[in-house]
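Please treat every number below as a calculation from the coordinates, not as lab data. Computed from a predicted model, the values in this text were never measured in an experiment. Reconstructed Cβ throughout: ideal geometry from the backbone, glycine too, with neighbour counts over all protein chains shown.
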Protein chains: 2
Amino acid sequence: MGLPRRHTLIGSAAIAAAAALPAAAQAPAPAPAPAQAPGYYRFRVGGWLVTMVHDGFFRRPLEGFVRNAPLAEVQALMAEHFQPTDHIQVPFTVTFAQRGEVLAVFDAGNGVTPAGATAGRMIANMAAAGIDPARVTHVIHSHFHGDHINGLLNAEGGAAFPNAQVLVPAPEWAWWTDEGNQSRTPEGQRPTFANVARRFAPYQGRVTPFTPGAEVIAGIASLPAHGHTPGHTVLRLHDGAEQLLFLGDLTNRPEAMMRRPEWQIIFDFDGDAAAATRRRILEMAASERVRVSGYHFPFPANGFVAREGNGFRFVPAEWSSVV
Amino acid sequence: MGLPRRHTLIGSAAIAAAAALPAAAQAPAPAPAPAQAPGYYRFRVGGWLVTMVHDGFFRRPLEGFVRNAPLAEVQALMAEHFQPTDHIQVPFTVTFAQRGEVLAVFDAGNGVTPAGATAGRMIANMAAAGIDPARVTHVIHSHFHGDHINGLLNAEGGAAFPNAQVLVPAPEWAWWTDEGNQSRTPEGQRPTFANVARRFAPYQGRVTPFTPGAEVIAGIASLPAHGHTPGHTVLRLHDGAEQLLFLGDLTNRPEAMMRRPEWQIIFDFDGDAAAATRRRILEMAASERVRVSGYHFPFPANGFVAREGNGFRFVPAEWSSVV
């Protein structure tokens, strides 16, 4: 159409001039292409420039996701947050931190995915953000689940970050590089042993374990946070009083796991330990009002933890056009 | 640096190979430019393609912003949402809706602003989103405050949307085009009379008032929502069961005005009416669980209204890489 039809308008006679057709009515415009905005977002933490890079999402049935709560209870909480109740959409967002000559990335994304996959957007979004994988100096891992390490490989099976040191939590490395732990690992997680061997292979001689609790590199500390996996680790980017806690998989979607930190999910290695760790670190984040990012938080995955009821709530930080 | 120093690492002796300098350590990478991602976001409402376009923000002191609550109470609520307590940052996000040959925009942004201004990003963000102002077929106004109409003019003072019909709430048009209403208008809002004359001047013969409550054009309805201004109007984009309520300035920042719908702000024309209208329409939005956008919501200003306590809470919708 291009012009409102007379009968749909109830106009003030003094002003309306529906006869004056605008040029657009004669030459209808082609529709703009429905491309989504690139999935990155920047902010500063002291002297660090942080770039959150979206890696898409995956979906799985909501049923079976939480192991220790009835489905109806999980559905009710998701509905309260206007989330779907038949499936859960799990987003991926990767945290990059740059200062001086250091360009660190916390976890490596899903990497190369089949055509049509909803995950695996990180490479394109890094390009949009002007981040060249060859310039990454450090890949620092929270843990070794596939969605966090698969992106170590490029399409040719080589190192996606050809010039990076890879820094890994020592207990995580120790567990998944020892096949003797297979029998003590939940069956669903056993493919991780082979996947770890494959994904780290091109980085031989460049993988350095660190002890959770240690300063990993100057300005990036670590906190032990095991449970979700044997060596799951939280990272703390800091510069003076400014800091950002990268929570990794301390929670999956915060709408569920911050509100109900005692919930254990299908991907937890040790559900009881995961829940205890979750509450301990969320308590700290809420008390200190510290900025947090999380791998499965809604993009741009940048915000704060507030107390609510017997649990917590994720409060997204302001989106600002100014970095 | 580029490589973690030995003394900052507590490595497993079996793996660490700190002597193997990665290439990046020899040739430090230049820092990526700290450009922010373009401020637009797309989603669908039935057959409508919606693009939210950010227009930056402005700041004013928090003191004096809410007229009928003590500053300390306002500060406490803002702090609860991890917002500043010395000033309020008011973002601007403009809603575009496109279907077939119609490309409508709800309000017109701040337009051309002085160099260095934090508002006035819409033109650049429209370009990033591939939206040509010449292709806009309809500018539909919620009300006539400057941040909503100034963008009607381009840098030369001509029509920024050269081919658009301009559709305006009849009571808003009637009020601000009659200088006889000056004395019945709060002093701070009196410059609006001259500004309306100036901003609509290039659109002579293309301005069409509509009665709030009417279908404005096919698929875009309106709801009377006066109080914030004499003719403030909410717009309802719809296609079958799918809909989006564009709330305009029904609330300013939702962290304040959804939680405390009875609060009246310095920009309200009739604070009592604004508060009553606010509660009525938020009740409807919460009951119907309808998607909403708002001019001063945090970008991308797309979400839902949930009940909380004696008020409401804004729940941002999922950010999705898939449109």
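What is the spin-label model distance, in nm, from residue B:44 to residue B:73 if the labels are put 7 Å beyond Cα along the C-beta direction? Going from the residue B:44 label point to the residue B:73 one covers 4.6 nm. Peptides A:140-150, A:206-216 ordered by packing proxy, namely the average of other Cβ atoms within 10 Å per residue, highest first: A:140-150, A:206-216. Overall, chain B carries a charge dipole of about 740 debye about its Cα centre when +1 sits on the Cβ of Lys and Arg and -1 on the Cβ of Asp and Glu, all other atoms neutral.
In terms of the mean number of neighbouring beta-carbon atoms within 10 Å, the peptides B:273-286, A:278-291, B:48-61, A:186-199 order highest first as B:48-61, B:273-286, A:278-291, A:186-199. Whole-percent P(r), the range B:154-274, all Cα pairs, 5 Å bins from 0: 2, 10, 17, 19, 20, 18, 10, 4, 1. In this assembly of identical copies, the label point of residue A:284 (Cα plus 7 Å along Cα-to-Cβ) is separated from its counterparts by 4.9 nm, sorted shortest first.
If one computes P(r) from the Cα atoms of the range A:40-316, what percent of pairs lie at distances over 34 Å? Distances greater than 34 Å cover 12 percent of the Cα pairs.
Would you work out if the protein assembly as shown is rounded, prolate or oblate? Take a ≥ b ≥ c from the square roots of the eigenvalues of the alpha-carbon gyration tensor; rounded if a/c is under 1.5, else prolate when a/b is larger than b/c, oblate otherwise. Note, shape of the protein assembly as shown comes out prolate.
Rounded to the nearest 500, the helix-only mean residue ellipticity at 222 nm of the protein assembly as shown stands at -5500 deg cm²/dmol, with each DSSP H run of n ≥ 4 adding -39,500 (n - 2.57).
Shielding value for A:47-56 is 2, the average number of Cβ atoms from other chains within 10 Å of each residue's Cβ. A point 7 Å from Cα along Cα→Cβ stands in for residue B:236, and the other copies hold the same point at 5.2 nm, listed in rising order. What angle, in degrees between 0 and 90 and rounded to the nearest 10, separates the Cα long axis of helix B:191-200 from the longest principal axis of the Cα atoms of chain B? Its long axis makes an angle of about 90 degrees.
Can you tell me the orientation of helix A:271-288 relative to chain A, as the angle in degrees between its alpha-carbon axis and the longest Cα principal axis, to the nearest 10? Rounded to the nearest ten degrees, it is 60. Charge dipole (Cα centre; +1 on Lys/Arg Cβ, -1 on Asp/Glu Cβ; no other charges) of the protein assembly as shown amounts to roughly 460 debye. Charge tally around residue A:90: other residues with Cβ under 12 Å, Lys/Arg +1 each, Asp/Glu -1 each, net -2. Loop-located GluC sites (Glu not before Pro) across the range B:50-87 with a Cβ neighbour count of 13 or fewer within 10 Å are B:63, with loop assigned by DSSP.
List the distances, in nm to one decimal, from the label point of residue A:184 to the label points of the same position in every other copy, shortest first, placing each label point 7 Å from Cα along the Cα-to-Cβ direction. The projected label point of residue A:184 is separated from its counterparts by 8.2 nm.
How many percent of the alpha carbon pairs in the range B:92-184 exceed a separation of 16 Å?
On the way: 2414 of 4278 pairs.
Of all Cα-Cα distances in the range B:92-184, 56 percent exceed 16 Å.
What does the charge count around residue A:283 come to, taking other residues whose C-beta lies under 14 Å from its C-beta (Lys +1, Arg +1, Asp -1, Glu -1)? Combined, the nearby Lys, Arg, Asp and Glu give +3. Quick check for you: which residues of the range B:110-140 have the amide N under 18 Å from the point 7 Å beyond the Cα of residue B:59 toward its beta carbon? Residues B:114-121 fall inside that zone.
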